[in-house]
Each structure stands twice: as structure tokens, then as C-alpha cells.
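Here's the structure, in C-alpha cells; my notes come after.
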């Protein structure tokens, strides 16, 4: 069964989960909406999304300096209470996020932050590539959408495979922590410094 954008959007509206999570479970369940909802709940993602609306004004700013001092990262991760901010698992998560940023060099936290002009530019390149490869006109849109997802996974922190467990994305990792801790947790912002690079 083809997983359409409409189907993904429908599941997203039902559960409040991210597009990529919805797409993934719809593929796993062969497009079965009820099974997809159940699977998201099992993974703790649906519960996490319900908490996403709650204010997260506490948290931590953490710094990570890579061995040799050539790469440094400052990251802010928010939660709802200072109690959680002192939680060892929360602190370990923040440290992991800082290491992820140092290793994978994302440009944005999530895809919604990517400016439209960057997306349009990338789409233009991908359309030209697909046509140059001789792909049929009808298939170009689908090919470009798939390649755009890969582009987001490179530049958006939440969609990157976790360096310690590439089967999970950072979004999955965050959802697991939210389900475990029971508070809304948000990766707010980060800055990555590389020796010799202009900011």
C-alpha cells in the first residue's frame, strides 16, 4: 500500500506525533490506521506528543568540547521542572545531544526551522538530478520527496540517526525519555563551534 501524505497527516492529527514517526509506523503497519495508532502508543510517542503542548521553561544549558579542543557545542534543552533538570537520565540525554551535534553537525533542530529558500533550492537540485538520471516525469515528485527526507535527516538534529544507536533517531530518543520521565522535553537551540570556521 502506498503511504500518502494525506494518510500521514491524518495519523499526525490523531496522535500529535511527528511526520517522520507517523510515516514510519504507517509503513510498518501497511497503512492500517488503528494499528499505527497502537504502535505509536506502544512506543510512547503518542503520550510524548500529548505533553508537547506543556510549557518547558526549566532545563539545562550544557557544553561539550570534543577531544583535542577543535569542536565545541553549547546546547539548551528544556523541561517542565527543575526536579527533572537535576535527573541523571535527563542530564545524560543533554550530554548525548551535545555529542550528537559535535559529531553530526546539524544546521537546525527540526525541519520546521529550515528556511523556505533553502528547501526550494534543494528541491531544484533534486528535481534536476532525477531528470538527469532519466527518471519518468510521474516518478520525479516521489523521488524528490524521498531524497528531501534524507536531506532533512542530514541537516535537522531531530531526524538524525543517534550516533550511539543508529536504529533510533534523536526524535525517538527524546520520545522515549518523555515517556519515561513524564514531562515535556524540548531541544531548544544549539551552537556548534569548529576551530577556524566563521560563525
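FYI, it's all coordinate maths here, none of it is from the lab. Values in this document were obtained by computation on a predicted structure and should not be read as measured data. Note: ideal-geometry Cβ built from the backbone for every residue, glycine included; neighbour counts use all protein chains shown.
Quick notes on this structure:
- Pairwise FRET efficiency - residue 32 versus residue 165, Cβ, R0 = 25 Å, nearest 0.05: 0.40
- Ranked 4, 29, 169, criterion: other C-beta atoms within 10 Å, fewest first: 4, 29, 169
- Per principal axis, descending, Cα span of the range 133-172 in whole Å: 39, 15, 15
- Ratio of the Cα radius of gyration of the chain to 2.2 N^0.38 Å, where N counts its residues: 1.11
- Two-decimal Rg/Rh across the range 115-154, once Rg and the Kirkwood Rh are taken from alpha-carbon atoms: 0.97
- Counting other Cβ atoms within 10 Å as a rough exposure proxy, the listed residues 174, 126 run 126, 174 from fewest neighbours to most.
- Contact order normalised by residue count of the chain, Cα under 8 Å, 6+ apart, percent: 25 percent
- Shape call, the range 97-178: gyration tensor on alpha carbons, a/c limit 1.5: prolate
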